[in-house]
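The values are calculated or read from the model by the stated rules, or taken from the named source; none is laboratory data. Owing to the predicted nature of the structure, the values given are computational and were not obtained by experimental measurement. Here the Cβ positions follow ideal geometry from the backbone for every residue, glycine too, while neighbour counts run over all protein chains shown. For accessibility, only protein heavy atoms count, side chains too; no ligands or nucleic acids. Shrake-Rupley method; radii C 1.70, N 1.55, O 1.52, S 1.80 Å.
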There are 2 protein chains.
Amino acid sequence: MRIALDAMGGDFAPEAVVKGAILAAQQLEQEDVILLIGKEDIVQSLLNEYGYSGNNIQVVHASQVIEMGEHPTKALSQKTDSSIAVGYGLLKMQKADAFCSAGNTGAMLVGAMFSVKAIEGILRPSIGGLVPKVNGGYGIMLDVGANADCKPEVLEQFGEIGSIYAKYVLEIPNPKVGLMNLGEEEGKGTVVTQAAHQRLKTNSSINFIGNIEGRDLFNDKADVIVCDGYTGNIILKMAENIYDILNEKNMHDPFIDKFNYEAVGGSPILGINGNAVIGHGVSSPKAISNMVLQAQKMVASKLSERFRKNYSE
Amino acid sequence: MRIALDAMGGDFAPEAVVKGAILAAQQLEQEDVILLIGKEDIVQSLLNEYGYSGNNIQVVHASQVIEMGEHPTKALSQKTDSSIAVGYGLLKMQKADAFCSAGNTGAMLVGAMFSVKAIEGILRPSIGGLVPKVNGGYGIMLDVGANADCKPEVLEQFGEIGSIYAKYVLEIPNPKVGLMNLGEEEGKGTVVTQAAHQRLKTNSSINFIGNIEGRDLFNDKADVIVCDGYTGNIILKMAENIYDILNEKNMHDPFIDKFNYEAVGGSPILGINGNAVIGHGVSSPKAISNMVLQAQKMVASKLSERFRKNYSE
């Protein structure tokens, strides 16, 4: 498989990305290739500097860079040879099976919608957040930021999309779907979550277990956690911050350390024609490497094709 | 001052409550009195059993108990001699300056609305959650569960109410108000938070510092955290759960230990004609004691009167 990686994306790019690509290359299959997209001379000289001599990394030239603070739509339309635009171009032409970037999150989202586009039948592509579980493994929470407001039917579909992700990428048979809410009883919650509850309950394609609460995030009640992007984003950033606080206090634990963004490397964009992963702006080489390995898993499990089959055929 | 306390409320009542009342009595001023409401023979015999011989605790008889699972409105209308009904009766008649209970949360909220009622000018009474700060002290987050959906003008008023609480109970001069959101930029968020941002920004009675994110909950950016009850409830329960997980792993730290519900004892109902605090269902004696001491602070700072002055005069 071929995984495109934005060499210019993130606060510590290109150095951290090139280092991360080398780390990931050591763990990929022999036939897998990382397409490292960026200014060719800079990227190639870093590969030389770090002593990379394998043949799992190929450099793809892109003359422009979309900076972290730029307006996504404007930047994408003006910088057609930027690493993000080139990456999505490769994905669209199926010259890459996945595209990863720790760059401008908005540009990654907008780029997906403009190039590979949402899968027909998907109401709103979303960003998934991997949630570590106390008893081991991960769950998937969606949305974590692409859609602040979500209609009940969108939340219902998040339950389906998350179930497909959990089944094939996380390899959880019959994943349990929980609706994040302020109480367990089905009448609880906002007008939207109350309506979503009724839809999820009668959806026979998923294993809906009802409402879950903030205290259930890390336990085994649900493998798929459904919420709007406003709520998911707050939860995700709060968890990351608690990791930072404990890390600063030198309090470490294998479970808590999984709150660190480095552990999973990035958040998948779900529901588009292709596999894309968005990394954290401050991504370290380890985070970049884990982002690439996450993309590998998505490709290997044929995630995007499964969504397409489920919704468009 | 006279603080009414529901002896029959909570999973470990009446034993834990009577023990908690004795703990609190040791820390109150000499002239302060706890009105312990419940079945007189049971409560009095527990006071004897635990060897209480002071005169800061008076038993007030209530023949009925609203159980944890009962429907609030129905239970309150049928059990007019329940400890919660009697407690609010004392508050309404100003025979008590505050009322605390670790019993049925719904009955505590409904009881407040039926008896002392919302202060005129208050759009929606809310429940405040105390949020520990990494650098010490507490902030106040509202709402944490009374109002799942909130209109922009309600969120704006939460900013005002929280500021009054922070100023007089937490003794923070010119408290900073932050709107919980998924990004710092003012255009970010749900339709409601976007509209609330504009209202908060132009409200000259508060010190609005803009949007805050999930990662800012525990830092010093904001002393007053404004959000709807759905979001606040999820945040609060998630924090409690992280304390439980760390506690089980025997990982302790003075900051993290403040996530424990015991540390603050309960959540104040804000915006009603009187001071009321709702305790956690599983309240221990220590939690009960801290709930009473929190009520004492609210009374001492004339919280309810200040709300009334601000909105009704």
For segment B:119-151 the number of residues that are open to solvent by 10 Å² or more (accessible area, probe 1.4 Å) and among the hydroxyl-bearing types (Ser, Thr, Tyr) is 1
Any residue in segment B:140-148 that is within 21 Å of B:VAL299 (Cα to Cα) and not in a strand (DSSP E or B)? yes
Take A:GLY136 and tell me if it is at pLDDT below 95 and closer than 26 Å to A:VAL65 by Cα. no
Anything in segment B:269-303 that is more than 27 Å from B:GLY136 (Cβ to Cβ) and either of a type outside the set (A, V, I, L, M, F, W, C) or open to solvent by 10 Å² or more (accessible area, probe 1.4 Å) (or both)? List them, or say none. B:GLY271, B:ASN273, B:GLY274, B:GLY281
Taking A:SER77 and the conditions (1) open to solvent by 70 Å² or more (accessible area, probe 1.4 Å); (2) closer than 19 Å to A:ASN275 by Cβ; (3) among the small types (Gly, Ala, Ser), which numbered condition does it fall short on, given that it satisfies the others? (2)
Given the options A:LYS167, A:LYS176, A:LYS117, A:LYS133, name the one that is at positive phi and of a type outside the set (Gly, Ala, Ser). A:LYS117
Looking only at segment B:165-177, decide whether some residue is free of Cβ contacts under 8 Å to residues at least 40 places away in the same chain and open to solvent by less than 20 Å² (accessible area, probe 1.4 Å). no
Kindly evaluate B:SER304 against the criterion of being in the same structural domain as B:GLN27 (by TED's automatic domain parsing) and either over 17 Å from B:TYR165 (Cβ atoms) or assigned to a strand (DSSP E or B) (or both). no
Would you pick out the residues in segment A:200-244 that are within 10 Å of chain B (Cβ to nearest Cβ), in contact (Cβ under 8 Å) with a residue 40 or more places away in the chain, more than 17 Å from A:ASN135 (Cβ to Cβ) and not hydrophobic (A, V, I, L, M, F, W, C)? A:ASP228, A:GLY229, A:TYR230, A:THR231, A:GLY232, A:ASN233
Tell me which residues, restricted to segment B:246-268, are open to solvent by 20 Å² or more (accessible area, probe 1.4 Å), within 8 Å of chain A (Cβ to nearest Cβ) and of a type in the set (A, V, I, L, M). B:MET251
Could we say that A:GLY128 is part of a loop (DSSP other than H, G, I, E, B) and under 25 Å from A:ALA7 (Cβ atoms) here? no
Of residues in segment A:47-72 being small (Gly, Ala, Ser) and open to solvent by 60 Å² or more (accessible area, probe 1.4 Å), the one farthest from B:GLY187 (Cα to Cα): A:SER53
Which numbered condition in (1) open to solvent by 20 Å² or more (accessible area, probe 1.4 Å); (2) more than 14 Å from chain B (Cβ to nearest Cβ); (3) modelled with pLDDT of 95 or more is the only one that A:VAL116 fails? (1)
Out of (1) of a type outside the set (Asp, Glu); (2) in contact with an Asp or Glu (Cβ under 7 Å, 6 or more places away or on another chain); (3) within 23 Å of B:PHE158 (Cα to Cα), the odd one out for B:VAL264 is which? (2)
Across segment B:14-46, which residue is most open to solvent (accessible area, probe 1.4 Å) among those that are of a type outside the set (S, T, N, Q) and modelled with pLDDT under 95? B:GLU31
Please find, among B:ALA287, B:ALA300, B:ALA276, the residue that is more than 12 Å from every other protein chain (Cβ to nearest Cβ) and out of contact with any helix residue (DSSP H, G or I) (no Cβ under 6 Å at 6 or more places or on another chain). B:ALA300
For B:ASN290, all conditions in the list (1) assigned to a helix (DSSP H, G or I); (2) in the same structural domain as B:PRO173 (by TED's automatic domain parsing) hold save one; what is the number of the exception? (2)
All positions within segment A:80-107 that are part of a helix (DSSP H, G or I) and either closer than 19 Å to A:VAL18 by Cβ or open to solvent by 50 Å² or more (accessible area, probe 1.4 Å) (or both): A:SER83, A:ILE84, A:VAL86, A:GLY87, A:LEU90, A:LYS92, A:THR105
